[in-house]
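What follows is a short report on a single structure.
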Amino acid sequence: MDGLEILNREGIRITPQRLAVYRVLNEKRHASAEEIYEEIRKEFPTMSFATVYSILELFKEKGLANELKIDFEKSTFDIRTDGHHHFMCKKCGRIYDVDISPCETLRKGKVNGHRIESFQGYFYGVCKDCRGKEDRK
C-alpha cells in the first residue's frame, strides 16, 4: 500500500507535504524530525520545521508512526508501529529494529495488575558493522 492509500485509509487529508513526510519516514527508517525536515526542504524549501513536526504528531495520533526515545539527545520516528524492540550502536548511532519473541508478561498484556498498551525495549551496544571495523584494526 502506498502513502496515498494509507493516509486515505486513516482519514488524513492528503497534502503534498504529508505525502512527502510519509515517504521520507518510509525511506529513512528511524529518522529524527530534523533529518526529515532537511530531506523535505529539498522538495518544499518554504516548509517550516513546525509543519513537519505537526505532521509527525498527526501520524503518531493516527497510529502511523511511533516516536522513539532511544537516543537521549533527540527523538526518532519509526513507521513500523508493531511491538518490537530497537538496538542503537554507541559508535555510529545507527538504530536497528530487533525482532525477538515477547516475554510472558507482554504476551499476557499485564504487569502487576496494570494493563500494557504499548512497549518499547531499547538495547545499546556496538553494531556488527562497527565491530567488524574494530576487528580489522
- request: With springs connecting C-alpha atoms under 10 Å apart, model the chain as a Gaussian network and identify which of Glu104, Glu43, Glu61 has the largest mean-square fluctuation.
  value: Glu104
statement: The simple spin-label model distance between Val111 and Ser48, using points 7 Å out along Cα→Cβ, in nm, is 3.8
- line: Plugging the Cβ-Cβ distance of Glu34 and His85 into 1/(1 + (r/R0)^6) at R0 = 22 Å yields, to the nearest 0.05, a FRET efficiency of 0.40
- prompt: Structure shown: which of Lys42/Lys69; Lys28/Lys108; Lys62/Lys91; Lys28/Lys90 lie over 28 Å apart, alpha-carbon to alpha-carbon?
  reply: Lys28/Lys108; Lys62/Lys91
task: Using a/c under 1.5 as the rounded threshold, could you call the chain rounded, prolate or oblate? The axes a ≥ b ≥ c are square roots of the C-alpha gyration tensor eigenvalues, and prolate needs a/b larger than b/c, oblate otherwise.
output: oblate
query: If you find the alpha carbon centre of the stretch 70-137 and of the stretch 1-60, how far apart are they in angstrom?
result: 23
message: Compute a Gaussian network model of the chain, connecting alpha carbons closer than 10 Å, and tell me which residue from Thr51, Thr105, Thr15 fluctuates the most.
response: Thr105
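Values in this text are rule-based calculations from the coordinates and carry no lab data. Bear in mind the structure is a predicted one, so any value in this text is a computation, not a measurement. Glycine gets a Cβ as well: all are built from the backbone with ideal geometry, and neighbour counts include every protein chain shown.
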